[in-house]
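What follows is a single structure, written as structure tokens, with notes after it.
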Amino acid sequence: MKNSLLLLLSTLLFSACTTNTVELADPDTMTSGSKNTATVLIGVDGSKERAVRHLVIGSNEAPLDYELYFHDKKISEGFIAVKIPAPSTNITLKEYSLSGHYGCSRGKAGYGSGSKSIAKIVPGRTYYLGTINTDMNTVYNEMPKKLINEAKRKYNYTAHGEDIAKKKRFQSSLSL
């Protein structure tokens with residue numbers, strides 16, 4: 001009986017201590033088809049005065065979400081590329097925090113979240129989740145033009161759909 005109880009407690013302890021972190025994708029070592037992960041790109045745009053110091057990415061398969069902390073080198077431009085276990089569903093940027101303007105930017109001034117959701121990711125593919133603008137502390141769904149070439153070159157990603165801002169021309173209905 002004691003052994004069964006000890007085994008049960010050990011199992012509960014180890015399952016409670018499982019990691020909820022994910023790792024960054026290195027564009028120099030990316031292979032064309034990972035069998036158990038997909039790459040999710042999060043753009044970072046803005047001045048270098050503020051940078052991303054913390055991310056929380058959610059999915060249906062990760063009840064505790066995935067967390068990334070940037071202790072040494074905070075990201076102020078380009079992409080944060082994250083390897084996410086795949087297949088996964090309902091991928092969202094649940095929270096991010098910024099460094100810079102207010103020290104560690106805690107509270108309403110430094111925390112934000114995204115609105116875009118990726119319904120399903122499959123192994124070996126690259127997806128785009130949105131862009132954090134560090135100047136305005138906002139997230140938008142479109143990829144900045146200056147990041148499109150980097151996405152293609154480093155991560156074999158082709159921007160499509162809502163990833164590219166739709167251009168609208170204003171035409172006056174008045175005739176002079």
Vicinal HN-Hα couplings computed from phi for region 112-127 (Karplus, 6.51 cos²θ - 1.76 cosθ + 1.60; Hz; Gly/Pro x)
x, 8, x, 10, 6, 10, 9, 4, 8, 10, 10, x, x, 9, 10, 10
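For a Förster distance of 25 Å, can you work out the FRET efficiency between the beta-carbons of E49 and T89, rounded to the nearest 0.05? Don't skip to the end; give the middle numbers.
Working: r = 36 Å, r/R0 = 1.45.
Given R0 = 25 Å and the Cβ-Cβ separation, E is 0.10.
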In sequence order, what are the phi-derived ³J(HN,Hα) couplings for region 54-59 according to the Karplus relation 6.51 cos²θ - 1.76 cosθ + 1.60 with θ = phi - 60°, rounded to whole Hz, with x for glycine and proline?
7, 9, 10, 10, x, 8
Counting only residues 5 or more apart in sequence or on a different chain, those whose built amide H sits under 5 Å from that of Y157 are K152
Could you sort out which of K73/K145; K35/K146; K116/K146; K73/K120; K73/K94 sit more than 27 Å apart by Cα distance in this structure?
K35/K146; K73/K120
Under the Karplus relation with 6.51, -1.76 and 1.60 and θ = phi - 60°, whole-Hz ³J(HN,Hα) for region 137-152, x at Gly and Pro, equal 6, 9, 10, 10, 7, 8, 8, x, 3, 5, 9, 4, 5, 5, 4, 5
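Give, in nm to one decimal, the length gained when the segment between H160 and Y69 is fully stretched (0.36 nm per residue of separation minus the Cα-Cα distance). Walk me through the intermediate numbers first.
On the way: separation 91, 0.36 × 91 = 32.76 nm, distance 2.92 nm.
Between H160 and Y69, full extension yields an extra 29.8 nm.
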Please list, ordered by chain and number, the residues whose modelled amide H lies under 5 Å from the amide H of Y111; skip anything fewer than 5 residues away on the same chain.
none
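FYI, it's all coordinate maths here, none of it is from the lab. This structure is a prediction, so every number in the text was calculated from the model and none was measured. For neighbour counting, all protein chains shown are included, and Cβ atoms are generated from backbone atoms with ideal geometry for every residue, glycine included.
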